[in-house]
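Colleague: I'd like to ask some things about the structure below.
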């Protein structure tokens, strides 16, 4: 019975965290205008 209570509590906390994060919305940061510079390895 304790395990069931612990699982229900964990599920409720996880759901509360998801709802809190979704209520806050996306962060107000900006992306860099420059693309990431990556190199492709030469063919062997």
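Read-outs: derived from the displayed coordinates by stated rules, not from any lab. All values reported here derive from a predicted model rather than from experimental measurement.
Colleague: Kindly express, to the nearest 10 degrees and within the range 0 to 90, the angle between helix 2-24's C-alpha long axis and the longest C-alpha principal axis of the chain.
Modeller: 50 degrees
Colleague: For the chain, just run the numbers: alpha carbon Rg, then divide by 2.2 N^0.38 Å, N being how many residues it has.
Modeller: Dividing the Cα Rg of the chain by 2.2 N^0.38 Å gives 2.32.
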